[in-house]
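Heads up: the structure comes next, in structure tokens.
What follows is calculated from the coordinates using simple rules that are stated; it is not laboratory data. Note that the structure is a prediction, hence the values are computed from the model and not measured. No Cβ is skipped: glycine too gets one built from the backbone with ideal geometry, and neighbour counts run over all protein chains shown.
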Amino acid sequence: MLIRILFLTLSLLGASAHAIKTPQAQYKVIIIGSGIAGLEAAHYLQDHGIDNYIILEARDRVGGRANTISPWPNSVLELGAAMIHGDDPRDPLMKLVQKWNLATMPVNNESAVFYDADGKEISDSLDASFQKLYAEFEKLVAQKQDAPELNANVSVSDVVVELINSHHLNKEMQHGFLYEVSDKIEQEYAADIRDLSVVWYDNEETFPGRNLFLTHGYQDIINGIAKKVNPHILLKQIVSKVDYQNKEHIVVTTTDGKQFTGEYVICTLPLGVLKSGSVRFIPQLPQDKILAMSHLNMGIMNKVFMLFPKVFWDTEQYISVVSPAYWSGKNWIDKGVWIEFDNLNAFFHQPILAAIVTGDFARDLENKSDAEIIQSVMRRLRAVYGDNIPEPIAHVITRWGKDPFSVGSYSSIRPGALEDGNDYLNLAKTVDGHLLFAGEATTNIYPSTVYGAYLSGDRAAQELLNHLSEK
């Protein structure tokens, strides 16, 4: 009996010592980042009774890679996320659009005009031959995907080269075929085809239906969620360190030396930021997360918005231009160079044209001045519309790769990645039950999308609630 009493006494003393050593955390939950994943995680937790949380945001605004600006009269420029992909009622963003009665405009992907690099409109017969080549390429891709073990390290670029060589394509046919590849793959995944796994690059799911622009921009959705959690948001808080050595008392430190302590942390930092190493985790994140980061790209999609004194271009929503791209035998030449222009006049009735660039070309442009970029894009436009078109009177150019709080646009899968998007799942795994992860790069079902990021916020919040219920 004496031994039992002594044991209990020592146990209680140990517990007391532990309590003294580990003071109560300031917050039940710290959420790092106020993109749509972080905002929705906070909203979900709040709806389930957790109010003791804080959101630390590095920027001077919420929204992350969704950023709507209106620098010119009657203009709505989406610097990042631009539209709702699929107006299916199961899309969580469509539920918000309907709930809040947000105005939208349908996008007509068939409203397009197609020019060659010399400004001549592509004939239907030549376009059909390009489409036929792309259909053959898709069959070749399907063959590779049917044998994933044999093709785990094969890139989309490898398969494109294989088709070019097997069909002995001349430069004109390469121009058109490579336009199709850049338009359908690089513009979709914001990555160079050399950096995309041919087996897994298109393994995601999508919602069916029309694509929609939000008439007043994505800010309607971002602000709609943010206003519900606004008192908990701290802006201009650049996180530099996450110390989770004591898993129930995680210390988050900012660059100006502030410290925030939380029982749980939901990290919604973009993949690009995680890969950059600008935020230090103590201890180092598990090896499967580090490996997952190496298997995933952070691609780049940049936009050049130009306001002109008048409209001189076609009325279609999309203007496509074939770049003089070809395979040199060692490298790609001029691939993806100024191939897509979005006619914003068709939506907002203002003389605004947006050039969309992705992959290596987008990355290279980030090192050029605004003047050099405008000069380059105007050369392409003059090749199509003539030398007498006016210069833009104003412009806005994004450089997402150089943004330290995103370091890119969105994720995709590299050659050598794990099967079925398991790298995304490894990035999503909770560490020690208290360090959770959300964001578009933490879902293998809807990666690289706003709705994927939104749902990941719900998922991380629910995992946290599950952990609380088990304690």
Listed peptides 75-86, 405-416, 168-179 by packing density, highest first (mean Cβ within 10 Å): 405-416, 75-86, 168-179
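Where does each of ASP334, ASP118 land when they are ranked from fewest to most other beta-carbon atoms within 10 angstrom? Mind showing how you got there, number by number?
Details: ASP334 15, ASP118 10.
So the residues, fewest neighbours to most, are ASP118, ASP334.
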Euclidean distance between Cα centres, the stretch 127-147 to the stretch 35-63, Å: 43 Å
Karplus (6.51, -1.76, 1.60) ³J(HN,Hα), θ = phi - 60°, over the stretch 87-97, in Hz, Gly and Pro reported as x: 8, 4, x, 6, 5, x, 6, 5, 4, 5, 4
Orientation-averaged projected area, Cα convex hull of the stretch 123-201 (nm²): 5.0 nm²
Sorted by Cβ neighbour density within 10 Å, fewest at the top, the residues ILE222, ILE300: ILE222, ILE300
At q = 0.11, 0.21 Å⁻¹, base-10 log of I(q)/I(0) for the stretch 58-215 (Debye sum, equal scatterers on each alpha carbon): -0.64, -1.32
Over the chain, relative contact order from alpha-carbon pairs under 8 Å, at least 6 apart, %: 24 percent
Scaled radius of gyration (Cα, divided by 2.2 N^0.38 Å) that the chain gives: 1.09
Calculated over the stretch 25-150: convex hull of Cα atoms, volume per residue (Å³): 274 Å³
Within-14-Å neighbourhood charge of ASN108 [Cβ basis; K, R +1; D, E -1]: -4
Set of lysines near LYS171 by C-alpha distance (under 24 Å), chain-local residues within fewer than 8 positions excluded: LYS120, LYS132, LYS139, LYS184, LYS330, LYS335
Residues ILE397, ILE389, sorted so that the one with the fewest Cβ neighbours within 10 Å comes first: ILE389, ILE397
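How high is the FRET efficiency between GLU470 and ILE69 when r is their beta carbon distance and R₀ equals 51 Å, given to the nearest 0.05?
Approximately 0.70, to the nearest 0.05.
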Cα centroid of the stretch 216-280 to Cα centroid of the stretch 423-452, whole Å: 15 Å
